Amino acid sequence: MTDTVPAQESPPEEADADVRALRERFGGAVRAARSHCGQIAVELLPSALVGAARLLRDERGFRLLSFVAGVDCLELPAPHRFKATYSLLDLGRAKRLRLEVPCEDDLDPRLPSVSGVWPGAAAHECEAYDLVGIFFEGHPNLERVLTPEGMEGHPHRRDFDVSAEAVEFTFRPTPEGKPEAKG
Amino acid sequence: MAQEVQKASPLNSDLLGPIRTETMTLNMGPQHPSTHGVLRIVLELEGETVLSCKPVIGYLHTGIEKNMEVKTYNKALPMTDRMDYLAPLSNNLGFVLAVEKLLGMEVPRRCRYLRVLLTELTRLNSHLVWLGTHGLDLGAMTVFLYCFREREQILKIFEKVSGVRMMTSYFRVGGVARKPYPEFFADCRRFLESFPDRVDEYEELLTDNPIFRRRTEEVCPLPAERAIALGMTGPLLRACGVDYDIRKKEPYSSYEEFDFEVPLGKRGDVFDRYRVRVAEMRQSQRICMQALEGMPEGPLMADDPKVVPPPKEQLAHDMEALIHHFKIFTEGYHVPAGEVYQAVESPRGELGYYIISDGSPKPYKVKVRAPSFSNLFALPEIVTGRLMGDVVAAIGSIDIVLGEVDR
């Protein structure tokens, strides 16, 4: 995702202690870090997600997970189609950190669930699964939450067809004396 | 025939059969007066004790976030009111602040103060609806009528200032929709000066009311650790004693210039949530008064002709203004590419807008971090092991708005 908008992003925020701690522990799995509008975002590989989540919660104080968002980067110049964004908050320091984790398989997007680290993540992961179709492995009860039963597809994907639904016509036999309906 | 009746009589102890021990599954809602909208809860009960609870949502899902992707930023704004319809201006504020952050735009101080004043009136409005309905849920009918009496005054002010009672859409990127009407500040002052006495009235009805206290004290407490782990924010988290208010900790829109306290609870039970919200109303009144006293003079709108529409008078004789006006209302304005997350303290907790822009006049992706969504999914943990009657008190104390949960 870092190559999406090269012009506006400032260089990776190496001065930040949390990013440094992540880099020390996970090395190359921390793909990139950037600061934009004063907000720090770290791009992580999926394999390091749960470990990084534990590190951030237990050692860096990010005890509150604000939200998880599934993003379809279809029209953005990103190497992978899907990613999930995790927004963390450290209540003590009033500091926020965003984790961005790309899904490696574009056709079958999967990520490890962080609901074991932050129980509050479970509902947000259900929403991301429902709307964007990212499958969270290890989730206690991954199911659709917002869309109706029997829904097919994931509406927040960029290629989801939002044009009008076909109207179902039920034709009755034409009464006698009236012309046949055309077509 | 007579013999059969005798056999079926429960007095005939030999024929009672084994005692039924299976649990009962009870469906509560989606049309239930105490679910505050269309929330459905599937409860597993043993007698009156709740064994498990599962909130079922989605009945109000309207795809607002998806819809925003095909609208320009200005056209996406009115959709924000429709999410949390009890706190429309807080929603407007979160959205415009996020877009302004992406644009790198600074609005004048007078505009920031006006936004604070109106957002705090919104908090009063929202807390009044909560207090009234929460009282109604617990059998205190009178409070409801009193709260709606004051809410009506706030809605009248909203109507006069923005043209609409509820779906205000008053805050715009770079400023506000129009100048406040001439008596606006006097109207606000008149309402706010009488308001502390009104809060006293509500408290007289509830705080020392033995029935209300029995229904709320020690009911459904939640330790702070769990509340944080579940991602709860706002008055619910503060009722557990966690001092986190975004207005104080990550100030936006000049909140750092205001003097107010953050009320905290101790046990995190339903009564503490009530206490915190009532105290918040008094603090909001203080903030509003300070905003009125210190309302700076000067321009109201940011000086950016590419984003802020020019005044109507200019259009008749200024070609450039006409072009800007046309561009803003047809094509929209281009927002630099990037990602931003802006959180504000809505009456229900952390309301955040996560916006991804690809540089076009329409947002690429908008994700709304709705406080009620996270708070609602803490309900199973709050009510498990409690009595059925406490579920109603717990839902009321969470203060959900389903429009925001389902979006």
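Inside segment B:361-385, residues that are more than 21 Å from B:Ile57 (Cβ to Cβ) and either at pLDDT below 90 or surrounded by 24 or more Cβ atoms within 10 Å (Cβ to Cβ) (or both) make up a count of 3. When the residues of segment B:136-194 are filtered to those that are of a type in the set (Asp, Glu) and more than 20 Å from the chain's Cα centre (by Cα), the one that is surrounded by the most Cβ atoms within 10 Å (Cβ to Cβ) is B:Asp187. In segment A:24-49, of all residues being part of a helix (DSSP H, G or I) and surrounded by 17 or more Cβ atoms within 10 Å (Cβ to Cβ), the one that is modelled with the lowest pLDDT corresponds to A:Ala29. For segment B:83-105, a residue qualifies if it is at pLDDT below 90 and of a type in the set (D, E, K, R), and exactly one does: B:Asp84. Taken over segment B:265-304, the criterion of being of a type in the set (Asp, Glu) and either in contact with a Ser or Thr (Cβ under 6 Å, 6 or more places away or on another chain) or under 30 Å from B:Pro210 (Cβ atoms) (or both) is satisfied by B:Asp269, B:Asp272, B:Glu280.
Mind counting the residues in segment B:222-274 that are among the β-branched types (Val, Ile, Thr), over 15 Å from B:Ala343 (Cα atoms) and touching a Lys or Arg at 6+ places or on another chain (Cβ under 9 Å)? Residues flagged as among the β-branched types (Val, Ile, Thr), over 15 Å from B:Ala343 (Cα atoms) and touching a Lys or Arg at 6+ places or on another chain (Cβ under 9 Å) within segment B:222-274 amount to 3. Which one of the conditions (1) away from every other protein chain (no Cβ under 13 Å); (2) at pLDDT below 85; (3) under 30 Å from A:Glu75 (Cβ atoms) does A:Ala181 fail to meet, given that it meets all the rest? With respect to (1) away from every other protein chain (no Cβ under 13 Å); (2) at pLDDT below 85; (3) under 30 Å from A:Glu75 (Cβ atoms), A:Ala181 is out only on (3). Taking segment B:24-39 as the range and being out of contact with any Lys or Arg (no Cβ under 9 Å at 6 or more places or on another chain) and in a strand (DSSP E or B) as the test, the residues that pass are B:Met24, B:Thr25, B:Leu26.
Of everything in segment A:66-75 that is aliphatic (A, V, I, L, M) and under 16 Å from B:Tyr354 (Cα atoms), the residue that is farthest from the other protein chains (Cβ to nearest Cβ) is A:Val68.
Within segment B:221-241, identify whether any single residue is buried (at least 20 other Cβ atoms within 10 Å of the Cβ), within 14 Å of chain A (Cβ to nearest Cβ) and free of Cβ contacts under 8 Å to residues at least 12 places away in the same chain, and answer yes or no. Scanning segment B:221-241, I find at least one residue that is buried (at least 20 other Cβ atoms within 10 Å of the Cβ), within 14 Å of chain A (Cβ to nearest Cβ) and free of Cβ contacts under 8 Å to residues at least 12 places away in the same chain, so the answer is yes. Annotation: of all residues in segment A:10-65 being within 14 Å of chain B (Cβ to nearest Cβ), hydrophobic (A, V, I, L, M, F, W, C) and over 16 Å from A:Lys83 (Cβ atoms), the one that is nearest to the chain's Cα centre (by Cα) is A:Leu65. Sub-7 Å Cβ pairs linking a first residue in segment B:312-334 that is of a type in the set (D, E, K, R) to a second residue that is part of a loop (DSSP other than H, G, I, E, B), at least 6 apart or interchain, are B:Glu331/B:Pro361, ordered by first then second residue. Screening segment B:306-407 for helices (runs of 4 or more DSSP H) wholly inside it with 1 or more residues that are aliphatic (A, V, I, L, M), away from chain A (no Cβ under 12 Å) and more than 28 Å from B:Leu118 (Cα to Cα) returns the ranges B:312-315, B:319-330, B:379-383, B:388-398.
Every test in (1) surrounded by 14 or more Cβ atoms within 10 Å (Cβ to Cβ); (2) closer than 23 Å to B:Tyr170 by Cα; (3) of a type outside the set (Lys, Arg); (4) touching a Cys at 6+ places or on another chain (Cβ under 9 Å) is passed by B:Gln314 save one, and that test is (4). When residues in segment B:45-62 are screened for being exposed (fewer than 15 other Cβ atoms within 10 Å of the Cβ) and assigned to a loop (DSSP other than H, G, I, E, B), 3 of them pass.
The values are calculated or read from the model by the stated rules, or taken from the named source; none is laboratory data. Since we're looking at a predicted model, the values are computed, not measured. Cβ atoms come from the backbone with ideal geometry, glycine included; neighbour counts cover every protein chain shown.
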